[in-house]
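Following: one structure in structure tokens, then a few remarks.
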Amino acid sequence: MWSFNQGANNQNSNLGWNVDNPSAGGVGTSNFGWNLGAPAAAPVPMPVPPSSYYDNQDNQSDEPGVDETFTAKTAGAQSFAHYIVRWGFLKGGLDGIGKQLLNQAGEAAMGAAKEFLGNAINEMFVKKHSDVKRILPDIKHMKIVGEKASGLRGQQDVQDFYTIRQQCLDSGSLFEDPEFSATDKSLFYSRRPDRRYEWLRPMEICDDPQFFVEGYSRFDVEQGELGDCWLLAAAANLTQDQKLFFRVVCDDNSFEDSYAGIFHFRFWQYGKWVDVVIDDRLPTYRGELMYMHSTEKNEFWSALLEKAYAKLHGSYEALKGGTTCEALEDFTGGVTEMYELKEAPSNLFHILEKGFERNSMMGCSIEPDPNVLEAETPQGLIRGHAYSITKAAMVDIVTPNTTGKIPLLRLRNPWGNDAEWNGPWSDKSPEWRYIPDHAKEEIGLTFDQDGEFWMSYRDFLKYFDRMEICNLSPDSLTEDQESGLKKKWNMNVFEGEWVAGTSAGGCRNYLDSFHRNPQYVMTLEEPDEDDEDGKCTVVVALMQKNRRSRRNMGIDCLTIGFAVYKVTDRDLQQKPLRMNFFKYNASVARSPAFINLREVSCRFKLPPGHYLIVPSTFEPNEEGEFLIRVFSESSNTFEENDEEVGMGAVDSRIADNIPDIREKTPERSAIEQLFMDIAGPEQEIGWPELKRILDHSMRDELVKHTDAVTSSKHQSQTEANVNGTRNDEGGGGGGGLLALICGALCKDTPLAEAFSGPNDNINNNNNAAPLLAPVPNVTESQGFSKDICRSMVAMLDTDHSGKLGLEEFKSLLNDIAKWKAVFKLYDRNRCNKLNAFELRDALASSGYHLNNHILNSLVYRYGSPDKTIAFDDFIMCAVKVKTMIEHFKEKDFDNTNSATFTMDEWITRALYS
């Protein structure tokens, strides 16, 4: 990256260079010494297991004595097992105690090995808190560029610039924005104004207002009273790229052609470009603009840009205190990185150079003085102030003793005045006499009191605290830039969400639920072109979304982060990866911390291969939407690591015990006779008959929240009405008529237990008369809903008659037997509820494989506020899933996982199911 010819007196050079270690050269003794980076942050130490399982290394013996004790430690699992086995052989060979000890040794080895693996990755994720409350923009009424109106988001709900402008032109009126009115609430959300502001249009502020005066440049952006220097720094950067500038600042804005007091700007939000419409009334005090303005009094593009950005965030006050990278991201759709310069990586200048190769935008700042707002340092720098970095270059330098290259940076203060760096390499400093004229011309060196200055990279690291880089998406480069020296990133993006009870599993600190989070597989195919270690540069960024936040309210951001795991092809055979993988595998990379910012991102150097990225909130069951993006220098692929939706095998714990309903037995003959007696001459039953049966037979699962005494009285009355055919005292079982049916169906199989209570005695004779006793009506609050019963009928009603025949009825009983057994298998607390996190596994055991998107919808639809699934809701889930999958399969003629429905077919199936 750099080279020079060493002079004879290099050791004493006032340049302070160090040939072998540029980072060590002359920080305190040189006027313009430099280095190429700062020491890298120390890696997080991994725990080292002990070398032996013995507590006392000095008291080892071949055989343990009567009073001796020993402890198997993690790293000693193998030697401990060998020790036990050897002792077993000595005491009695493979017979008797030897075999027993051999088995114990194997179990001890496995247990100790698991303990070792668990301890080896006992990594804890750290939570940090940002004191700045950020406002997540609400884009509800803003037009999405390229989006057509829909039933949920109609044309009347969004502000369309061209439609409104034409309406104003036709009526001869100037636009007044009802969504961002010219009132105090558009200025402040937390306090009242300290003076009387007047909202004026540009024509009321000056003569001959113009959107641009002689084009645009970074010197058009000057700060007003609002503390949004971070926004100004980003705007100054934006002016340096024509394509990016006019993607944000629409070129059809004008005070001349079709002027109607309306303007629009475009910002990137949550993966989409939104068109923000404003009127041109601006806040003033005594006729002067209060906030961002241009050096030219009649130029207004920068003031209107700031107003559009304030509208996006709800008020001008919401722009007080932010980060340059946040604004750069909204202006470009890029991925941002933040570096603490006192802990900067050793290759940071190389990162800067690569960034400028790819047209990245950059900013920096110094920690603010807690007692003085924007205090000035002796070096002329402003604390708590955002600067933009407009160039990084290795510049030729020639001195009497040395020639070579020196790393320099060009920075700009958004104030645009003489508040500039006054140290080495500042305007007209003596160091510039060592730079050849051709080098000055190459870097465009000028000396003006415009807020722009140069400084050495070493002084940059010394005096600045934080740097931000915005890496642009591939579509940000023009054709000329791509054909020239500019390079572009490879980018992949996914949208997802965390839903309490299904996909909001929290960070790795919560091992039991961490694997429930969305998972993504990143495959890095080739190393970087210039990487000597054969590694790939990758930037991972996780952004949280919020389209439902209320305007003018500071919505707390979730505390978010991510972890990256190395995975093999064998690992990826399981989709998604389960808890055991994370229990015994450590992350190879992660976000610096879990923090309550809109976005967290980090740059990594990783060997080519497969990697699993798990984005999450810090705590489980925190709900939100997110956008995850991956930028890499080399090619990469990115996909969700989730199950393929469809039917699968039933859990062996259930499937092996489900009887064949076609097999003729006395019990099955009794069931057929029962059906015929209830169905009557038509030999069919509808949902009312089915509901009566289910309400009676499943009352133990459905009657949960009633008073115990009332429940006992109701149960006794119900049993009396059934003429004593069954004693259901003791509860807990399937109970009632359905238990008799399913118990008979599953007789002599382990499933029979799922349908019996402790006092159940099934009448096995062939006399079905007792089963024909009247079934009492059960109140709707205690029974299955009409919708469930209708859905059960619709699931098996192939001829759309609204009735079930005998064969369909038997098939339904078989399904209910399976679902009841599955529910009982996962109802580990015997509380007649499933934890919503277990819904995926329970449905998989029933033979239905679903991904996170579908599971999220099921929990939204059927979950309880406490994130549990009641028995009847689980049955409804199973019915709906089975019905929809079977409908789809009917139309997937070629088994291609795609189907075509006419609107009539789709509406009919959707409504009837």
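The values are calculated or read from the model by the stated rules, or taken from the named source; none is laboratory data. The structure presented is a predicted model; accordingly, all values stated were derived computationally and were not measured. Positions of Cβ are generated from backbone atoms using ideal geometry, with glycine treated the same way; all protein chains shown enter the neighbour counts.
Answer with yes or no whether residue 824 is charged (D, E, K, R), surrounded by fewer than 18 Cβ atoms within 10 Å (Cβ to Cβ) and more than 28 Å from residue 494 (Cα to Cα). Judged against the criteria, residue 824 is not a match. Within region 375-393, the set of residues being touching a helix residue (DSSP H, G or I) at 6+ places or on another chain (Cβ under 8 Å) and outside any strand (DSSP E or B) comprises 377, 379, 381, 385.
The set of residues from region 177-192 being over 14 Å from residue 317 (Cα atoms), out of contact with any strand residue (DSSP E or B) (no Cβ under 6 Å at 6 or more places or on another chain) and surrounded by 13 or more Cβ atoms within 10 Å (Cβ to Cβ) comprises 179, 181. Test residue 392 against the criterion of being within 29 Å of residue 470 (Cβ to Cβ), out of contact with any Phe, Trp or Tyr (no Cβ under 6 Å at 6 or more places or on another chain) and assigned by TED's automatic domain parsing to the domain that holds residue 470, and give yes or no. Judged against the criteria, residue 392 is not a match.
Scanning region 399-456 for residues that are touching a Gly at 6+ places or on another chain (Cβ under 8 Å), assigned to a loop (DSSP other than H, G, I, E, B) and among the small types (Gly, Ala, Ser) turns up 416, 419, 423, 426, 429, 451.
Kindly provide the set of residues from region 814-838 that are aliphatic (A, V, I, L, M) and touching a helix residue (DSSP H, G or I) at 6+ places or on another chain (Cβ under 6 Å), ordered by number.
Filtering region 814-838 down to residues aliphatic (A, V, I, L, M) leaves 816-817, 821-822, 825, 834, 836.
Across region 814-838, the qualifying residues are 817, 821, 822, 834, 836.
If you go through region 375-409 and pick out every residue that is on the phi > 0 side of the Ramachandran plot and without any contact (Cβ under 8 Å) to a residue 40 or more places away in the chain, you end up with 1.
Within region 624-637, the set of residues being more than 12 Å from residue 496 (Cβ to Cβ), modelled with pLDDT of 90 or more and surrounded by fewer than 21 Cβ atoms within 10 Å (Cβ to Cβ) comprises just one member, 637. So which of 267, 212, 219 is part of a loop (DSSP other than H, G, I, E, B) and either touching a residue at least 60 places away in the same chain (Cβ under 8 Å) or surrounded by fewer than 14 Cβ atoms within 10 Å (Cβ to Cβ) (or both)? None of the others qualify; the one that does is 212. One residue is enough: does region 853-863 have a residue meeting the conditions in contact (Cβ under 8 Å) with a residue 24 or more places away in the chain and closer than 18 Å to residue 797 by Cβ? No; the residues of region 853-863 include none that is in contact (Cβ under 8 Å) with a residue 24 or more places away in the chain and closer than 18 Å to residue 797 by Cβ.
Identify all residues within region 846-861 that are assigned to a loop (DSSP other than H, G, I, E, B) and under 20 Å from the mean Cα position of the chain (by Cα); write none if there are none.
Going residue by residue through region 846-861, those that are assigned to a loop (DSSP other than H, G, I, E, B) are 846-847, 850-851.
850, 851 - these are the residues of region 846-861 that are assigned to a loop (DSSP other than H, G, I, E, B) and under 20 Å from the mean Cα position of the chain (by Cα).
List the number of the failed condition for residue 370; all other conditions in (1) touching a Cys at 6+ places or on another chain (Cβ under 9 Å); (2) over 26 Å from residue 443 (Cα atoms) hold. Unmet for residue 370, out of (1) touching a Cys at 6+ places or on another chain (Cβ under 9 Å); (2) over 26 Å from residue 443 (Cα atoms): (1). Within region 834-867, which residues are of a type in the set (Ser, Thr, Tyr), crowded, with 19+ Cβ neighbours inside 10 Å and in contact with a strand residue (DSSP E or B) (Cβ under 8 Å, 6 or more places away or on another chain)? Once the filter is applied, which keeps residues that are of a type in the set (Ser, Thr, Tyr), crowded, with 19+ Cβ neighbours inside 10 Å and in contact with a strand residue (DSSP E or B) (Cβ under 8 Å, 6 or more places away or on another chain), region 834-867 yields only 848.
The number of residues in region 640-656 being part of a strand (DSSP E or B) and more than 21 Å from the chain's Cα centre (by Cα) comes to 2.
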